1. Efficiency by 1/(1 + (r/R0)^6): what FRET value for GLU116 and SER45, r their Cβ-Cβ distance, R0 = 35 Å, to the nearest 0.05?
2. Nothing charged except the Cβ atoms of Lys and Arg (+1) and of Asp and Glu (-1): what's the magnitude of the dipole of region 30-92 about its Cα centre? Round to the nearest 20 debye.
3. Taking R0 as 22 Å, what's the FRET efficiency between ARG38 and LEU17 from their Cβ-Cβ distance, rounded to 0.05?
4. Given the peptides 19-32, 39-52, 101-114, arrange them by the average over their residues of other C-beta atoms within 10 Å, most packed first.
5. Highest first, please rank the peptides 74-82, 56-64 by the mean number of other Cβ atoms sitting within 10 Å of their residues.
6. What is the gain in length, in nm to one decimal, between PHE79 and LYS52 on full extension, counting 0.36 nm per residue of separation less the C-alpha to C-alpha distance?
Amino acid sequence: MIEIPEASSGIDGKAKLEYDLEWLAIIRASHAVFSFSRSFVELPSTTREKIKQQIPHEKEWIKTRISELGRTLEIPQNFQRSVEPFNPTCPIFNETGNPCHNNPQLQDFLDFLQLENIFRIPETQPSVTINTTINPDEIILEDI
């Protein structure tokens, strides 16, 4: 069976994307147990049950929050560039550059859900030093 979702359109008739209420509720209910582990993390059954029981309450909280803010479930068109686009004339790495950047759209999303941004990179993060010296034994594939 193939399910074809209906596309909704905004006031101006253009297609729009909306958050799923249950997905937002799951995000709020499970935020405290988020893990940065690279391996699978098995939650104890009591924790899973607590999250399941919390989802209906979170749905109601989100409905109230949307009403308070005068919003809808529509995903905001708030894109902001957080890094410069790739420029082939510039080196990919510089010796003092920091390859990590904060994401303003994620921060807006978490502010809307009133959740802590556990992904935020401190503004005072030390610079990363990258060794950019060329290895004389390195084989440059373009030369082959």
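Read-outs throughout are calculated quantities, based only on the coordinates presented, and are distinct from any laboratory measurement. Note that the coordinates shown come from a computational prediction; the quantities given were computed from them, not determined experimentally. Cβ: placed from backbone, ideal geometry, glycine included. Neighbour counts: every protein chain shown.
1. For R0 = 35 Å, the calculated efficiency reads 0.85.
2. Roughly 100 debye for region 30-92.
3. 0.15
4. In decreasing order of mean packing, 19-32, 39-52, 101-114 become 19-32, 101-114, 39-52.
5. 56-64, 74-82
6. Extra length available between PHE79 and LYS52 comes to 6.5 nm.
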